[in-house]
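The block underneath contains the structure these notes are about, expressed in structure tokens.
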Amino acid sequence: MSISLFVVQLFNGVQLGVLLFLVAAGLTLVFGVMNFINLAHGVQYMLGAYLAVMFYGITGSFFATVLLALFASLLFGLLLEAVVLRRLYERDHLEQVLATFGIIMFLNQAVKLLWGAAPLTLPIPALLSGSVALADGLRYPVYRFAIIAAGLMVALGLAYFVGSTRVGMLVRAGASNATMVSALGVDIKRLFRIVFGFGAMLAGFAGVMVAPILSVEPGMGDQILILAFVVIVIGGIGSIRGAFVAALLVGVIDTLGRSFMTDLLRLFLLPTTARLIGPALASISIYLLMALVLAVRPAGLFAAKGPG
């Protein structure tokens with residue numbers, strides 16, 4: 001295990017963590033405030049990436065693409081909420097799961113019809129191309145640093161929004177007791193729309209930012225949705241702070257585990273046994289973390305306070 005490889009993978013883990021946070025932040029608010037299980041949240045991430053490819057083809061400008069894709073992600077999220085999801089709020093969780101799983105299947109097929117099944121790519125903008133020297137012989141791509149910086153800025157903005165604005169106060173109150181907030185005269189349906197649209201835009205932003213470094217393809221939101229659910233379970237449903245801390249933990253542990261678990265096991269096991277067990281243990285490391293957190297703190301690390 002080399003120090004340079006460890007540093008690179010640590011940065012990769014932080015980058016994965018901030019992307020997970022962008023997806024999980026909206027998901028945890030939707031679940032916490034609306035008590036709504038939205039499996040289709042991952043397709044907002046996928047659509048953000050596809051919209052970025054489309055708008056870049058039209059404008060040729062990455063930064064114009066980001067703005068247009070964010071706006072389009074917001075509009076699509078509000079449209080999806082108004083046409084389909086609003087009718088599911090009063091249904092039980094099983095029906096919500098089945099209906100939103102159907103939306104996943106429908107939209108995965110829709111992007112195949114619109115853009116084809118072949119993976120698409122988005123070029124890294126010239127301003128953010130190249131790499132930064134961290135040490136002699138150790139460089140890290142500028143664009144990946146930009147992803148980390150963008151995620152951290154969003155996290156700070158969300159912390160201010162949720163902690164210091166009137167709408168944020170209502171969101172926090174709704175995460176604790178939506179029924180009481182509604183009884184106090186707040187238009188809870190309007191609050192739901194704001195939360196859902198904002199969550200869709202954040203997931204779309206994650207898709208836009210990842211498009212230049214990953215293949216844009218149908219179903220790309222499915223895996224990140226699973227990781228996002230792990231994040232909100234660890235962090236605590238309805239908690240932005242919990243989503244941020246848990247996302248970084250999951251991103252770093254998953255990345256470092258896949259890179260170094262076998263080497264770590266070689267310190268205690270025979271090399272052949274380590275090679276056999278290492279990849280399997282690395283793939284379940286974040287789920288072991290989730291199980292540990294649930295055993296110690298069943299409501300998550302930073303669970304939103306419930307009523308009473």
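Selection over region 34-68 of residues that are among the hydroxyl-bearing types (Ser, Thr, Tyr) and under 28 Å from Val84 (Cβ atoms) gives a count of 3. Scanning region 128-164 for residues that are in contact with a Lys or Arg (Cβ under 7 Å, 6 or more places away or on another chain) and among the polar types (S, T, N, Q) gives a single hit, Ser131. Where helices (runs of 4 or more DSSP H) fall wholly inside region 218-308, the ranges with 1 or more residues that are within 22 Å of Val171 (Cβ to Cβ) and in contact (Cβ under 8 Å) with a residue 12 or more places away in the chain are 220-235, 240-265. Hey, does region 280-290 have a residue that's over 19 Å from Gly32 (Cβ atoms) and in contact with a Ser or Thr (Cβ under 8 Å, 6 or more places away or on another chain)? Yes - at least one qualifying residue is present in region 280-290. Among residues that are modelled with pLDDT under 90, under 24 Å from Leu225 (Cβ atoms), hydrophobic (A, V, I, L, M, F, W, C) and outside any helix (DSSP H, G or I), Leu39 is included. Residues in region 109-142 that are loosely packed, with under 13 Cβ neighbours inside 10 Å, free of Cβ contacts under 8 Å to residues at least 60 places away in the same chain, more than 25 Å from the chain's Cα centre (by Cα) and not in a helix (DSSP H, G or I): Gly130, Val132, Ala133, Asp136.
Residue-level check: of (1) in contact (Cβ under 8 Å) with a residue 60 or more places away in the chain; (2) surrounded by 21 or more Cβ atoms within 10 Å (Cβ to Cβ); (3) part of a helix (DSSP H, G or I), Phe55 misses just (1). The set of residues from region 182-211 being surrounded by 23 or more Cβ atoms within 10 Å (Cβ to Cβ) and part of a loop (DSSP other than H, G, I, E, B) comprises just one member, Ala211. With respect to the conditions (1) at negative phi; (2) surrounded by fewer than 19 Cβ atoms within 10 Å (Cβ to Cβ), Gly219 lacks only one, and its number is (1).
Selection of region 262-308 for residues being surrounded by 12 or more Cβ atoms within 10 Å (Cβ to Cβ) and polar (S, T, N, Q) yields Thr262, Thr273, Ser283, Ser285.
Of the numbered criteria (1) of a type outside the set (A, V, I, L, M, F, W, C); (2) exposed (fewer than 14 other Cβ atoms within 10 Å of the Cβ); (3) closer than 20 Å to Ile240 by Cα, the one Arg87 fails is (3). Please work out which residue is nearest to the chain's Cα centre (by Cα), limiting yourself to region 228-261 and to residues that are buried (at least 20 other Cβ atoms within 10 Å of the Cβ), more than 23 Å from Phe161 (Cα to Cα) and of a type outside the set (A, V, I, L, M, F, W, C). Only one residue tops the list, namely Gly251. Sub-9 Å Cβ pairs linking a first residue in region 77-94 that is closer than 14 Å to His41 by Cα to a second residue that is among the basic types (Lys, Arg), at least 6 apart or interchain, are Leu78/Arg193; Glu81/Arg193, ordered by first then second residue.
Name, by its number, the condition in (1) at pLDDT 90 or above; (2) aliphatic (A, V, I, L, M); (3) out of contact with any strand residue (DSSP E or B) (no Cβ under 8 Å at 6 or more places or on another chain) that does not hold for Val216. Failing condition for Val216: (3). Just one of (1) at pLDDT below 90; (2) out of contact with any helix residue (DSSP H, G or I) (no Cβ under 6 Å at 6 or more places or on another chain); (3) more than 17 Å from Ala200 (Cα to Cα) fails for Leu113. It is (1).
The values are calculated or read from the model by the stated rules, or taken from the named source; none is laboratory data. For clarity, every value in this text was computed on a predicted model and none was experimentally measured. Using ideal geometry, Cβ is built from the backbone for each residue, glycine included, and neighbour counts are taken over all protein chains shown.
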